[in-house]
1. Taking the Cα centre of the protein assembly as shown as the origin, how large is its charge dipole in debye, to the nearest 20, when only Lys and Arg (+1) and Asp and Glu (-1) carry charge on their Cβ atoms?
2. Show me the GluC sites (Glu not before Pro) within segment B:113-213 that DSSP assigns to loop and that have at most 10 other Cβ atoms within 10 Å of their Cβ.
3. Under 18 Å Cα to Cα from residue C:20, which aspartates and glutamates show up? Leave out anything in the same chain fewer than 8 places away.
4. Could you give the Stokes-Einstein D for segment A:99-225 in µm² per second, using the C-alpha Kirkwood radius, 10 °C, 1.306 mPa s?
5. Please turn the phi angles of segment A:208-216 into ³J(HN,Hα) values with the Karplus equation 6.51 cos²θ - 1.76 cosθ + 1.60 (θ = phi - 60°), one per residue in order, whole Hz, x for glycine and proline.
6. Anyone know which of C:113, C:272, C:23 comes out most mobile in the 10 Å Cα GNM of chain C?
7. Roughly what angle does helix B:115-128 make with the longest principal axis of chain B, taking Cα atoms, 0 to 90 degrees, to the nearest 10?
8. Kindly put A:45, B:9 in sequence by how many other C-beta atoms sit within 10 Å of each C-beta, fewest to most.
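Rule-based calculations on the coordinates, nothing more; no lab input. Treat the numbers as computed from the prediction; the structure is a model and nothing was measured. Note that each Cβ is placed from the backbone with ideal geometry, even for glycine, and that neighbours are counted across all protein chains shown.
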Amino acid sequence: MFKDIIIGQYIPGNSPLHRMNAPIKIILTIFYIIILFFINNPISYLAFALYTFILVLVSKVPLKMILKGIRPMLWIFIFTAVVNLFMTPGETVWSIPIFKFTLNITSEGIIQGAKMLYRLFFLITGTSLLTLTTSPLQLTDGIETLLRPLSKIKVPSHEIAMMMTIAIRFIPTLAEETDKIMKAQTARGADFESGNIIRRAKAMVPLLIPLFVSAFRRADELATAMEARCYRGGMGRTKMKENKAGIIDLKGCTIFVIALLVLILLEILVEF
Amino acid sequence: MIKAENVCYVYQIGMPFERQALKNINLEIDDGSLVAIIGHTGSGKSTLIQHFNALVKPTSGKIEIDGINVTSKDADLKLVRRKVGIVFQYPEHQLFEETVYKDIAFGPKNMGLSDEEIDRRVRESAKMLGIKEKHLEKSPFDLSGGQKRRVAIAGVLAMRPSVLILDEPTAGLDPKGRDDILEIIKKLHEKNEKMIIIFVSHSMEDVAKTAEKVIVMNEGHVEMMGTVDEVFSKSKKLQEIGLDVPQITRLTNKLKDAGYDLPDNIYTVEEAAEAIKKLAGGVRNV
Amino acid sequence: MIETCNLSFIYRKEDIDTGKVTEELALKDLSIKIEKGSFTAVLGHNGSGKSTLAKHFNAILLPSGGKVYINGMDTLDEKKVFNIRQCAGMVFQNPDNQMVAAMVEDEVAFAPENLGVSPKEIRRRVDECLAAVNMTKYAFCSPSQLSGGQKQRVAIAAVLAMKPDILVLDEPTAMLDPMGRREVMETIKRLNREQGITVVLITHYMDEASQADRTIVMDDGEIVLDGTPKEVFKNVEKLKALGLDVPQVTLLAYELRKSGINIPEDILTEDECFDALNNVLGGASR
């Protein structure tokens, strides 16, 4: 039942965004977020939104998938909007009396709330765009590449990436195993669903012990199998898929820089 | 008695992986039968047995165990799971206690039985499965593969189910371990007149040696059902769906095709040896 | 070529409660020579020492006494460990526990990446090895989407990518269904035949052992039988005493011989048995 879980939310594809080099994509995403919090001008907002929209179109990721990523964040959206709406001091445009208190909505509050909503929305859209067009594997590889300069100060970049890869590899296996163990214990009358917290926690023991025992056995066997294939850490290791930047990355970066310049110009030149 | 009527099961409805795992299953299994279920991986065998104790509920259709509708919304699941015991393929998925004794006691304990009753049942099922007294205080994790499997079966048997289901009880065991488990299945069948025993297997030889009735699953439906004779006599059909008959049956079929007068229902080496000796005796007497 | 000289191996087991250390001799003074390009099966029940032996071929275990030479390299020579592992690739029993990567082609690339092979050459090897096990179509799949037999074929490809001379397989089919077992056996036989890879197959399935050029039967850390499958399997009594199976037709021939019917004792296949019986019975009933 758990077998078909999609890890991350990668949608395979062949768009320019898919083909771009992962480390570059990660860096560009970071810049994207910085710019998002930097711009402060209606025209820039519009331009930024337009720019994002074009990116989504180019990626060929269905808009539905991006909206899906936003749905779980809905409460945070509402909370942020409400807090900003009522808590920003300024010129009151509307008062709502509640018992003894009066809640004041200010015009500054409306603007501030709208800005925060805008930022949250594009923050999620931008990062989703990264995870939707980059496989978890490329992502870990990308992170490894970006961390590599840090290995000089003893950050184990290869090991971190290897651990992430193995974790991704074993999530479906362990999920499936959890399902099987739950069924086996349920068949012996175990009850994972009813009772108070303490009872439930106790009921987890018959699930967790077999799961841990099996996980340790798996880890042991995997280590042997890796050793048998001459694994000896990151030293002297090569990679089949090198993170080489190509023409497509050059194009991507150029477009990004142009978009950035446009935004800066808008920010400076357009008075509001 | 187990009765399934028009049971259908659709896997992950509305998801991109939607698949019909069971298609219109109708079957009846009488009390006291020893039934083997055979079929490929993905033929729906595992899904079917999980329906018998309501671990999985059908998308449509009805299943009755001893007249109790296990598929209805208000079915007493605890009762159903006490009646129908499933031992899953890997004992590693269920053993967790410090000692073998405690592990076998897990099921009866969940039933809320008294300590004396639990003790009686643990010792009885351990004995039935040939688990030695001195092993009861050992950790289940120190046992061999075959022994672990016995403990797992004992743990379910201690709940005294009226239906005992074993999912590939011999998978991964060596020939000795496999023969031991098959012997135990036969013994359980003899000693429990009313209990239904169902086991899933990939090995035609094991099925021929052990079972009385066979259910053949293929692509989510029951392809054949009947006695061992009835099913294995349709060796062409079995081969068509990628299953096989025992090697010895293939040989005697070949001999029959060549014109030798052999009986139809030969599924074990002993039967074949008997029949061929008779035939050869005839030759010598002439 | 593999050569062992008076190889012994001692397991040291420490009891957690008593802290008592017991020594168990898992391999007893073994001297074997396995020729280049041959297909050897090592047959034995669980605990016979066959897996322990296999793990010596890859320097995962090191001898407690005696020597193991892989292509002339001593496994005790620490400097040669990686050369030995590259030379004698090893496939394990559980397909899920030997895969590192979340994508098939990355799995195959893992070993040559460890060896520091150039990216271009890795790419070439990955494509070649996936083709050799007929898994090219699944290059971009995640291991969890594959069947057991497919996973084991990927595991074989992942080892082949090191360009080994020897392929050691430690019960690669024990956890597979009949279809998966067939896939894996066909793959192994083809690699042996077409690419001349030396194959050592550890198994407890007699039908797999009977497909090799040479069958070695182990029991209690010793070699009890060694020869061509025909020479080995005619020792029906001895094999049964060891808790091992013989092919049904071999058993039949044995039974018939016992009751005085003159049939050759080294029958291994259905066809051989049919011809022999046809000879003896001589079209009696026609």
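1. Values: 103 positive and 105 negative charges, 410 e Å.
Roughly 1960 debye, rounded to the nearest 20.
2. Of the GluC sites (Glu not before Pro), the ones in loops of segment B:113-213 whose Cβ has at most 10 other Cβ atoms within 10 Å are B:193.
3. List returned: B:142.
4. Numbers: Rh = 19.9 Å.
Approximately 80 µm²/s, per Stokes-Einstein.
5. Those phi angles translate into 6, 4, x, 5, 5, 4, 5, 5, 5 Hz.
6. Largest GNM mean-square fluctuation: C:23.
7. 20
8. Numbers: A:45 19, B:9 23.
Placing the least packed residue first, the sequence is A:45, B:9.
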